[in-house]
Amino acid sequence: MKQTKIAIIGAGGLTGKELVGLLAHHPHFQVVHITSNQVDGKHIREVFPDLSHLPDLRFQKHDAPIPEDAHIVLATPNEVSLEKAPEFLQQGKKVIDLSGTFRLHDQNQFESAYKFKHTKFEWMDKVVFGLPELFREKIKNANFISNPGCFATSAILPIAILGNLRKKIQGPVIVDAKSGVSGAGGRTEEIKYAYTHVYENFRAYKVLSHQHEPEMEEYSFVGSEPKKIHFTPHLLPVYRGILATIYITFENPVDPKEVKEKIQSVADKETFIRFYETPEEIEIRKVQNTNFLDIGFTSKGNTLVLVTALDNLVKGAAGQALQNLNLMFGYPETLGLVTI
């Protein structure tokens, strides 16, 4: 059976590693090239002993030649993706970028959120936002995908699937989300993500300044009038998982039956969205190591509260990237992500 060859640039990071593991069990994809400037030259089993059963792969530097017939997943910092994505696209390769570099269509907003100048903004005309539940048909025909952020996914999907109810939203939407270390920036050796600073601790960070906030605003209201979103992330003393509580105020009292019908109708046809009757049923442990987004809600008067949970390394990153790869290459969307 002929396999589609994949090169993962930045496979030494948490999301890169997660994708290597997922693709190892996929019947139609083969990882043939992995890179990391930090562990260049090392065998994958030296860096990740739990992946020692995988093919004979060694890390190379980001600038090492890519196999000619391989397509690309970028699990790299934003500045690296800025240079690498256009380079690979010009070589005729399909590219999925897990960084935030090509998500926002407002250049000033991007540079304010990400704190560096975007010098390849002309490529924004060619990119598709990789949220399959919203942009499936565009993804199928795309060569360039910008994978959504993990926090952004946890908020965009529950808001977007409200459909025409979004027109009745009044005032800003409040997103209060909690993440494990792997979703909060724990890819580096910064002391604030060290065990001693996380254990028995809980704190907010990047309050009203997180780079996923404008991403939430841009994509939550596609097809409807845009609304402001105020987002505050918090750091949980766990490794993986995000739980988001989303507060929405409407012009008039909320009809819970209508909300349930909206969410249930989407969950019934989307494999990776699971609806629960109450928000108290939504827990991180139910989604860890899966590609599911769980959602529940309650309402009181004019206020709707949505609660979601997902695994930031799977549905928030590598799993969603595999959904996109499946769609781009014509394979079943769930292949490699669910066990039948």
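The values are calculated or read from the model by the stated rules, or taken from the named source; none is laboratory data. Just so it is clear, the model here is predicted, and its values are computed rather than measured. Here Cβ is always computed from backbone atoms with ideal geometry, including for glycine, and neighbour counts include all displayed protein chains. Surface areas here come from the heavy atoms of the whole protein model, side chains and all, with no ligands, DNA or RNA. Shrake-Rupley method; radii C 1.70, N 1.55, O 1.52, S 1.80 Å.
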- Which whole-number percentage describes the relative contact order of region 60-206, with Cα contacts under 8 Å and a sequence gap of 6 or more? 17
- Considering only LEU304, LEU98, LEU322, give the residue with the highest GNM mean-square fluctuation for the chain, with springs between Cα atoms whenever their separation is below 10 Å. LEU304
- Suppose R0 equals 35 Å; then what is the FRET efficiency for GLU225 and GLU281 from their Cβ-Cβ distance, rounded to the nearest 0.05? 0.65
- Message: Averaging the inverse of every distinct alpha carbon separation and then flipping it gives the Kirkwood radius. What is it for region 264-340, in angstrom units?
- Response: 13.4
- Per-residue SASA entry for GLU46, accessible area with 1.4 Å probe, Å² rounded to 10: 110
- Helix-only mean residue ellipticity at 222 nm for the chain, each DSSP H run of n ≥ 4 adding -39500 (n - 2.57), per residue, nearest 500: -7500 deg cm²/dmol
- Item | Relative contact order, percent, the chain [alpha-carbon distance under 8 Å, six or more residues apart] | 17
- Query: For region 195-249, what are the per-bin percents of Cα-Cα distances with bins 10 Å wide, up to the bin holding the maximum?
  - Reply: 20, 44, 26, 9, 1
- region 145-160 and region 208-223 have their Cα centres apart by a whole-number Å value of 9
- Message: Quick check for you: with a 1.4 Å probe and neighbouring chains kept, what is the accessible area per residue of region 160-283, in Å²?
- Response: 51
- Message: Suppose we look only past 15 Å in the calculated P(r) of region 111-151. What percent of the Cα-Cα pairs does that tail hold?
- Response: 51
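Report the full-extension gain for the segment LYS262 to ASP125: residue separation times 0.36 nm, less the Cα-Cα distance, to one decimal in nm. Write out the running numbers ahead of the final one.
Numbers: separation 137, 0.36 × 137 = 49.32 nm, distance 3.14 nm.
Answer, rounded to one decimal: 46.2 nm.
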- Query: Label-point separation (nm) for HIS43 and THR334, each offset 7 Å from Cα along Cα-to-Cβ?
  - Reply: 3.7
- Diffusion coefficient in µm²/s returned for region 75-165 by Stokes-Einstein, Kirkwood Rh over C-alpha pairs, 10 °C and 1.306 mPa s, is 115
- Message: Give me the percent relative contact order of region 155-286, please, defined on Cα pairs under 8 angstrom at least 6 residues apart.
- Response: 39
- Message: Connecting C-alpha atoms closer than 10 Å in a GNM of the chain, tell me which of GLN211, GLN38, GLN91 has the biggest fluctuation.
- Response: GLN91
- Query: Residues in region 218-232 near a label at ARG203, defined as backbone nitrogen under 11 Å from the 7 Å Cα→Cβ point?
  - Reply: none
- Cα shape, region 53-94, gyration tensor, a/c 1.5 rule: oblate
- What's log10 of I(q)/I(0) for the chain at q = 0.06, 0.10, 0.11, 0.13 Å⁻¹, Debye sum over Cα points only, no solvent? -0.20, -0.57, -0.70, -0.99
- Item | the chain: most fluctuating residue of GLU215, GLU277, GLU18 per GNM, C-alpha cutoff 10 Å | GLU277
- Sequence-distant residues sharing a close amide H with ARG274 (under 5 Å, placed H): LEU293, ASP294, ILE295
- Task: Determine ³J(HN,Hα), in whole Hz, for all residues of region 257-270 in sequence, where each value follows from phi through the Karplus function 6.51 cos²θ - 1.76 cosθ + 1.60 and θ = phi - 60°; x replaces Gly and Pro.
- Result: 5, 5, 4, 4, 4, 4, 5, 4, 5, 6, 4, 5, 10, 10
